[in-house]
Amino acid sequence: MKMIVAADRNWGIGKNGDLLVHIPEDMEFFKNKTMGNVVVMGRKTFESFPGKKALPGRVNIVLTGNPDWAAEDAIAVHNMEELHSVLADYEDDRIYIIGGGQIYRDFAEQCSSIYVTHIDQSYEADTWFPNLEENPHFRRKEKLKEGNYKGISFEIWEWISD
């Protein structure tokens, strides 16, 4: 399994159900990595998408505690056992965990790679990603891209588990 996330200097990832900042190159990287693959997310992350619609070109799997929740073009699962049963049908390398905060925390140690867009700014956040710099299980492997968008510097790194 892999993860993909954009985080600020303090590992903040969101506020009020939205990303902290929208960087087109980060969005393009996300799309290129996840297209044709499986994306796993929590219900709040799914509902933050435009129109509360599934991401096209991907298998959308949504973990929710609500047994009545359903969405077009999304597979709803209601616990970890059910999720792992559904994921067994897919190659591990094709599975991307895409949020939110609790889902990231629950799956970080199970991932072989984590793609992090490190944003060189600090924002007011209410959701955070686990700080990989403090986790001996992970190390930076390679810088994949760096850029600047409207004065916001960012770098995209692949972190791998040891």
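Side notes on the structure shown:
- For segment 31-67, the candidate set comprises residues that are open to solvent by less than 80 Å² (accessible area, probe 1.4 Å) and without any contact (Cβ under 8 Å) to a residue 12 or more places away in the chain; within that set, the residue that is farthest from Gly101 (Cα to Cα) is Gly51.
- Subset tally (residues that are in contact (Cβ under 8 Å) with a residue 40 or more places away in the chain and open to solvent by 100 Å² or more (accessible area, probe 1.4 Å)) for segment 137-147: 0
- Subset of segment 60-76 [over 14 Å from the mean Cα position of the chain (by Cα) and not charged (D, E, K, R)]: Thr64, Gly65, Asn66, Pro67, Trp69, Ala70, Ala71, Ala74, Ile75, Ala76
- If you go through segment 113-136 and keep only what is within 19 Å of Ile156 (Cα to Cα) and open to solvent by less than 50 Å² (accessible area, probe 1.4 Å), you end up with Ser113, Ile114, Tyr115, Val116, Thr117, His118, Ile119, Phe129, Pro130, Asn131, Leu132, Asn135.
- Qualifying residue in segment 124-144 (condition: among the aliphatic types (A, V, I, L, M) and closer than 14 Å to Ile4 by Cα): yes
- Each residue in segment 127-162 was checked for being farther than 26 Å from Asp92 by Cα and under 16 Å from the mean Cα position of the chain (by Cα), and 1 pass.
- Residues of segment 1-30 classified as open to solvent by less than 60 Å² (accessible area, probe 1.4 Å) and either assigned to a helix (DSSP H, G or I) or touching a Cys at 6+ places or on another chain (Cβ under 8 Å) (or both), total: 6
- Test: residue in segment 68-88 that is under 23 Å from Gly12 (Cα atoms), open to solvent by 20 Å² or more (accessible area, probe 1.4 Å) and out of contact with any helix residue (DSSP H, G or I) (no Cβ under 8 Å at 6 or more places or on another chain): no
- When the test is whether a residue is surrounded by fewer than 17 Cβ atoms within 10 Å (Cβ to Cβ), touching a residue at least 24 places away in the same chain (Cβ under 8 Å) and in contact with a helix residue (DSSP H, G or I) (Cβ under 7 Å, 6 or more places away or on another chain), Gly99 does not pass it.
- Some residue of segment 45-58 being closer than 22 Å to Asp106 by Cβ and within 12 Å of the chain's Cα centre (by Cα): yes
- Residues that are within 15 Å of the chain's Cα centre (by Cα) and charged (D, E, K, R) within segment 77-106 comprise Asp93, Arg94, Arg105, Asp106, listed in sequence order.
The values are calculated or read from the model by the stated rules, or taken from the named source; none is laboratory data. A quick note: this is a predicted structure, and the numbers were derived from the prediction, not measured. Positions of Cβ are backbone-derived with ideal geometry, glycine not excepted, and every protein chain shown enters the neighbour counts. For the accessible areas, the whole protein counts, side chains as well, though only heavy atoms, and no ligand, DNA or RNA atoms are used. Shrake-Rupley method; radii C 1.70, N 1.55, O 1.52, S 1.80 Å.
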